[in-house]
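A quick write-up on the structure given underneath.
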Amino acid sequence: MKTLFQTKLGALLIAALLVGGSAAAANAQGSRLQLSTLDHLATKASQSVDVNIDEKLMRIASTALSNEDADEREIKKLVAGIKGIYVRSFEFETGGQYTNADLETIRTQLRGPGWTRLLNVMSKKEGNLEVYLLMNGEQIGGLAVLGTQDRELIVVNIVGPVDLEKLAKLEGQFGVPDLGIEPAKSKKNDDK
Amino acid sequence: MNEDYLWDKSGEPDPQIQQLEEILGTLRYQQKPLKLPTGLSMHRRRKYLPLIAIAATVAIAVLSAGVWLQFHNREAEPTILAVAIASPPPATPIKSPPLSVSKKPLKRQNPALVRHNTQEALAAKQQLMFALRLASEKLNSAYRRTQTPTQIKNQHKAG
């Protein structure tokens, strides 16, 4: 009886490890979007940006971030848990170069389990902006931003936990002009 | 007394020996089929041996692969993974402060390789900065556009 129990316990432990491992891997993979469906737009675009920073490259990049500089130290903290950042950006000479079907390839993935749309700003003048979050319980497991204008298409995908407030504060650093925009939380505090 | 009886059972037997034979004869070997006692179980511990051996082999193989990969990665020429910018973005040039790279001496690496690694790290950092900046910009833009009507509304209320 004892040996039978030990056998079952061992099998259960191995099964639990396998399930746990595969679940963690699936979760990490789950927040990564397949952006290769947009690659064909690069031939039509006047400017295209393709950034693929995987976990290994994130580690390499982190080594170049200084601990002595306050800004870089903050960025190092911000990217500490991030598993990857992927960007596709296209700028076109004329409108109508990308189709709804192109956008649907991304939106379909963002309708998957775990993803929630945080913001959807629609404007004929400034274009549309959609911000999606992948939630792992109460923690953010990934971020996706889909920006569309008549002559522009941008997709940003951050894989892994990300601090939105810290990320928003990055604007204005490293030569990026600060637009004087603060997150809703701090504005509310100021109002009080 | 005829001793031949003791050797090959020929001749006349001694009565005492014959008596002894009769007494001890009851303990003579008798051929019977083997009967195992019921309820006796096989020693189950033996079943674990192959499993333990397989698990140990797999563990050793995984460890060896890990050590080999670690060593291989250290020795091999590092490569930047699929980072490509078709044309530079029209954003403000990145003005990052002078970078400091870990001052710890690298083991088993020649200066050329260290230089290469530093360049790779700098390139990766630039890509990271660009991606983060873009994400931050878009996030702020979204915040701004969602807040503007509310702020205007509040200003009207205040006025």
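Taken together, the values in this text are just the output of simple stated rules run on the coordinates, not laboratory data. In this text, all values refer to a predicted model and were calculated from it rather than measured experimentally. Here the Cβ is made from the backbone with ideal geometry for all residues, glycine too, and neighbour counts use every protein chain on show.
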Estimated distance in nm for a label pair at A:Arg59 and A:Gln34, the labels positioned 7 Å out from Cα along Cα-to-Cβ: 2.7
Label-point gap, in nm, between A:Thr105 and B:Gln70 - each point 7 angstrom along Cα→Cβ: 4.1
Set B:Lys9/B:Lys32; A:Lys83/A:Lys169; A:Lys124/B:Lys125 screened for pairs whose C-alpha atoms are more than 30 Å apart: A:Lys124/B:Lys125
Cβ crowding within 10 Å averaged over residues, with A:38-51, B:116-129 ranked highest first: B:116-129, A:38-51
